[in-house]
């Protein structure tokens, strides 16, 4: 695997080779690389730093030029959410590590994407690596992006790959308009709110897959083609990518609930249980859709086999009708001399011999067609009729 970091993975209906790799592979260091080495993609956008500092009565939202500008907010009693959008500057990211006192291995996990979702506990902060998915506008694919969260006593640092889109808008609106209890609580509750938004972001993606699978079910039964097989195969691979994203994410949330940490209060752990339940529900939906997609593959093979059987049945019926006609035509096509014997096909000298022969053939064909119809051989068994 290469160390190229795609900006924002788009799992389209017709993936290229890079998309195929992105479905399954995680980042790993080159053999012999120093621990903590970070790799910056040349196409990665420059970081944008947004600070949202709030308490129950006040809120401040600033666009910062440098990570040092947020240092004075980190030790205050208010909650400081530092949102970094983009991974295109090693200098800024190194400054970020110094301001938040991040271990070099933590900075490596944050910058070198994609990483497996996980939770790591340090002395004065907790690092959470999560994967965020968002449905594409066409509804036929999804975007996948790594989100890194560093939880401190009064602050939360989030680092996203791309600035274009995320699923945190409802959380920002709740902070802006002071909805709910988010501005009355600490940074651990903000962490829960963002994790819950990430998990809930899986549901619109899965709804799109549910609709695609329903459409494919009708297509597989009515008119299966090679493109249908490609669609089924692609859905199975994308669902596997979703499974690989949500499975370790569920374990990471469970780690926050199970392992005691002074930065996560007992009350927030109760909220995280609900987030854990949502993750389990997402897993159940992913597994259900994977089974349905596997079943679609079996239905596709059955439908193709039924269509072949229908073709063979039609050819068999046609052959069965023409075999006796060929027999009659073959007999009367033989050369006999009626002058030698009256038994040498006297019909050859009849005035209406030719019309009678044709009438006999028509009668035989009609009789066979009626017989096959009564037996039900002209019905299409590959079509499922609604009752």
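The values are calculated or read from the model by the stated rules, or taken from the named source; none is laboratory data. What you are looking at is a predicted structure, and each value in this text was computed from that prediction instead of being measured. As a convention, Cβ positions derive from the backbone with ideal geometry for all residues, glycine included, and neighbour counts pool all protein chains shown.
Just one of the listed residues (30, 72) is modelled with pLDDT under 90, outside any strand (DSSP E or B) and within 30 Å of residue 179 (Cα to Cα), namely 72.
Among the residues of region 112-132, those that are crowded, with 21+ Cβ neighbours inside 10 Å and at pLDDT below 90 comprise 112, 113.
Is it fair to say residue 197 is under 19 Å from residue 144 (Cα atoms), free of Cβ contacts under 8 Å to residues at least 40 places away in the same chain and in the same structural domain as residue 291 (by TED's automatic domain parsing)? Considered against the rule, which asks whether it is under 19 Å from residue 144 (Cα atoms), free of Cβ contacts under 8 Å to residues at least 40 places away in the same chain and in the same structural domain as residue 291 (by TED's automatic domain parsing), residue 197 comes out as yes.
Checking each residue in region 79-99 for being surrounded by fewer than 20 Cβ atoms within 10 Å (Cβ to Cβ) and part of a loop (DSSP other than H, G, I, E, B) picks out 88, 89. Has region 217-234 got any residue that is within 24 Å of residue 284 (Cβ to Cβ), modelled with pLDDT of 95 or more and assigned to a helix (DSSP H, G or I)? Checked region 217-234: no residue is within 24 Å of residue 284 (Cβ to Cβ), modelled with pLDDT of 95 or more and assigned to a helix (DSSP H, G or I). Taking the stated definitions as given, is residue 288 in a helix (DSSP H, G or I), more than 20 Å from residue 198 (Cα to Cα) and modelled with pLDDT of 90 or more? Spelling it out, residue 288 is indeed in a helix (DSSP H, G or I), more than 20 Å from residue 198 (Cα to Cα) and modelled with pLDDT of 90 or more.
Of the residues 341, 302, the single one that is under 16 Å from residue 221 (Cα atoms) and either surrounded by 11 or more Cβ atoms within 10 Å (Cβ to Cβ) or at pLDDT below 80 (or both) is 302. Can you find a residue in region 268-290 that is surrounded by 14 or more Cβ atoms within 10 Å (Cβ to Cβ) and either in contact with a strand residue (DSSP E or B) (Cβ under 7 Å, 6 or more places away or on another chain) or more than 30 Å from residue 120 (Cβ to Cβ) (or both)? Yes, region 268-290 contains at least one residue that is surrounded by 14 or more Cβ atoms within 10 Å (Cβ to Cβ) and either in contact with a strand residue (DSSP E or B) (Cβ under 7 Å, 6 or more places away or on another chain) or more than 30 Å from residue 120 (Cβ to Cβ) (or both). Here residue 229 meets the list (1) touching a residue at least 24 places away in the same chain (Cβ under 8 Å); (2) under 22 Å from residue 200 (Cα atoms) almost entirely, failing just condition (2).
Every condition in (1) touching a helix residue (DSSP H, G or I) at 6+ places or on another chain (Cβ under 7 Å); (2) outside any helix (DSSP H, G or I); (3) surrounded by fewer than 21 Cβ atoms within 10 Å (Cβ to Cβ) is met by residue 243 except one, and the failing one is (2).
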